[in-house]
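Input: a single structure, listed below in structure tokens.
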Amino acid sequence: MEQKTFIRIPRDRVGVLIGPGGKTKQRLEATFTVGLTVDSETGNVEIAPQPQQTDVSVILTVRNIVQAIGRGFSPRRALTLINEDADIMVLDLEDYVGASRSNQERVKGRIIGREGKSRSLLEGLTECHVSVYGGTVALIGSYEMLPIAREAVEMLLNGAFHKTVWNHLYAVRRKLKKDRGELWYEPKRQRRPEP
């Protein structure tokens, strides 16, 4: 079963993929029973199963994890892709605002927000991890939540007010909770009994 796959990541992310003392790379190889060959000059990564690995689907999982690290996620966040309900989605900013560096920087700032507040709120409301790196915005989340996160990011990229996007996400969450039959409420704080 020789099912190799290749992926290229930015050269400045190669060190993150390898990890301190090679730990991240070794962990991936041990966890998934694969071999990773990393070319630090080009950023090319070859993923090949070890002879004892019989499940070819792990190659796709490892490829997604390597891609996530290449798109700016920490190895810890990238490893959430082990969950078979999780996937990665990468949006190319050039598709939305063209090749202009200044336009890309402007929209990246809208997604991140002051001191990272917009990105944090986006992550909280969509239950997805968000990475803004280079000319891309990458999302990791469940198949249910990824399209919702993508729509919110696209609204921001297309110039929607932050408040409009947050209100939209709150409405979507309320509908999801209702569809799932869950109640969405803030638990009351317990008062401590007087001594």
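Could you tell me whether any residue of the range 47-63 is surrounded by 17 or more Cβ atoms within 10 Å (Cβ to Cβ), in the same structural domain as Val172 (by TED's automatic domain parsing), over 14 Å from the mean Cα position of the chain (by Cα) and not aromatic (Phe, Trp, Tyr)?
Checked the range 47-63: no residue is surrounded by 17 or more Cβ atoms within 10 Å (Cβ to Cβ), in the same structural domain as Val172 (by TED's automatic domain parsing), over 14 Å from the mean Cα position of the chain (by Cα) and not aromatic (Phe, Trp, Tyr).
Would you point out the residue of the range 125-156, among those that are part of a loop (DSSP other than H, G, I, E, B) and among the hydrophobic types (A, V, I, L, M, F, W, C), that is farthest from Glu105 (Cα to Cα)?
Met145
If Lys177 meets every condition in (1) assigned to a helix (DSSP H, G or I); (2) within 30 Å of Ser102 (Cβ to Cβ); (3) more than 15 Å from the chain's Cα centre (by Cα); (4) not hydroxyl-bearing (Ser, Thr, Tyr) apart from one, which number is that one?
Here Lys177 clears every test but (2).
What's the number of the only condition in (1) closer than 30 Å to Gly35 by Cα; (2) modelled with pLDDT of 95 or more; (3) not polar (S, T, N, Q) that Ile82 fails to meet?
Failed condition: (2).
Residue by residue through the range 102-126, note down the ones that are exposed (fewer than 15 other Cβ atoms within 10 Å of the Cβ) and among the acidic types (Asp, Glu).
Hits for the range 102-126 are Glu105, Glu115.
Residues in the range 140-156: is at least one farther than 24 Å from Leu36 by Cα, touching a Gly at 6+ places or on another chain (Cβ under 9 Å), of a type outside the set (A, V, I, L, M, F, W, C) and loosely packed, with under 14 Cβ neighbours inside 10 Å?
No: the range 140-156 contains no residue that is farther than 24 Å from Leu36 by Cα, touching a Gly at 6+ places or on another chain (Cβ under 9 Å), of a type outside the set (A, V, I, L, M, F, W, C) and loosely packed, with under 14 Cβ neighbours inside 10 Å.
Which of the residues belonging to the range 6-34 are buried (at least 17 other Cβ atoms within 10 Å of the Cβ) and touching a Pro at 6+ places or on another chain (Cβ under 9 Å)?
Scanning the range 6-34 gives Val16, Leu17, Thr24, Leu28, Phe32, Val34.
On the basis of being in a loop (DSSP other than H, G, I, E, B) and surrounded by fewer than 19 Cβ atoms within 10 Å (Cβ to Cβ), does Gly159 make the cut?
Yes: the conditions hold for Gly159.
Taking Val107 and the conditions (1) touching a residue at least 12 places away in the same chain (Cβ under 8 Å); (2) more than 13 Å from the chain's Cα centre (by Cα); (3) not assigned by TED's automatic domain parsing to the domain that holds Trp166, which numbered condition does it fall short on, given that it satisfies the others?
Failing condition for Val107: (3).
The values are calculated or read from the model by the stated rules, or taken from the named source; none is laboratory data. These numbers come from a predicted model, not from an experiment. Cβ atoms come from the backbone with ideal geometry, glycine included; neighbour counts cover every protein chain shown.
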